[in-house]
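Just so it is clear, none of the values below were taken in a lab; they were calculated from the coordinates. Fair warning: this is a prediction, and the values are worked out from it, not measured in the lab. Note that we place each Cβ from the backbone using ideal geometry, even for glycine, and neighbour counts take in every protein chain shown.
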Amino acid sequence: MNNNDKATDNQEFFIPDLCNVQAVLFLVLVAELLALVLELASGSLQAFSWQSFSLTSLFVQWSFLLSAALLCQIRPGLVDWPLPKAASVCYCLILAVVASTSIFGQWMLSGAFAGNSHWAIDGGRLATDVLICAVLAGIALRYFYLTQQLRLNQRAELQSRIQALQSRIRPHFLFNSMNSIASLIAVDQEAAEEAVEDLAGLFRASLAEVETEVTLAEELELCRRYARIEQLRLGERLQMDWQLDKVSHRIKIPSLTLQPLVENAIYHGIQQLPLGGVVTISAFMEEGVLTLSVINPVMENTHSDVEGHQLAQDNIHRRLQALYGPKAGLITRMVGNDHHAVITYPMDEATQKETT
């Protein structure tokens with residue numbers, strides 16, 4: 001990476017936010033473990049001194065927490081800096097904090113507490129403290145950088161998979177839709193025009209940004225567009241049951257979350273059945289968790305999770321977890337001859353209030 005590369009090229013600064021409670025508790029624990037290691041390394045277990053350990057712990061805790069507090073303050077200003085320069089500033093800041101803490105500790109122990117007004121800095125102790133800090137700070141910054149790169153790579157892979165899902169229009173669906181529209185032009189021009197508008201709406205949604213959020217009403221309209229196009233081909237074999245009165249249609253949902261499930265329900269379920277069937281779409285809210293489900297019958301003794309079906313499910317599951325955390329996801333199961341695809345994700349209190 002050259003000196004002109006910006007930290008913002010990676011979309012976020014490589015040092016995490018050290019101001020939150022979880023990060024502070026983690027730093028306190030690591031500092032205490034480091035103090036214990038340093039104390040044990042300085043002598044045998046038999047010679048372990050709680051007084052010496054307490055002083056070492058105090059020094060290490062102050063160094064860790066003061067460094068974290070300063071990094072937390074300057075972090076927003078470093079985001080636009082070239083990455084090597086920003087990392088160097090953070091590294092030097094940590095060394096300066098440790099050196100200052102070491103000098104202050106020596107003054108407190110040799111000067112203030114001992115009543116010695118002519119104390120001198122112990123250069124050996126100061127050099128040891130700074131050298132240990134230099135090694136550990138380098139390891140920590142390298143760890144932060146590698147962790148950020150791994151996170152960005154995972155995000156890029158996820159986005160590419162989502163984009164592939166969004167950009168995917170099954171050739172058979174496109175050909176069948178165009179043939180249906182062509183056959184309607186001569187007998188029902190209004191229906192043909194509506195079908196063209198529905199197809200355009202599907203293409204528009206497939207080309208939208210990966211992280212686009214839409215209302216539930218907009219996603220449902222996309223599902224209805226798709227269902228109307230498929231009904232031109234399947235006719236009475238395809239029935240839709242919309243059970244959506246229990247939730248507000250203003251709820252935000254990632255774009256193309258329900259539509260691929262409806263597409264799979266029709267393509268892998270209804271289309272395979274000679275008599276067709278009903279696709280049921282339902283939604284309800286319970287204890288702050290939104291649940292959306294798509295249920296469709298499948299042919300008996302048929303495995304519905306073929307490659308294309310599983311690709312869509314896997315992409316939706318990963319996308320929900322990336323947006324809403326580990327409590328979100330997509331679960332699929334068979335109940336008799338019905339395939340159930342169930343989406344769940346928690347909603348924050350502000351969003352719940354907005355939609356009630």
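Tabulated data for the structure shown
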| quantity | calculated |
| --- | --- |
| Length gained when the stretch Q272-E286 is fully extended (0.36 nm per residue, less Cα-Cα span) | 1.6 nm |
| Virtual spin-label span in nm between L152 and Y91, 7 Å along Cα→Cβ | 1.8 |
| Label-to-label distance, nm, for residues given as S52 and R125 (7 Å Cα→Cβ offset) | 1.3 |
| In nm, spacing of pseudo-spin labels at M108 and Y143 (7 Å Cα→C-beta vector) | 2.5 |
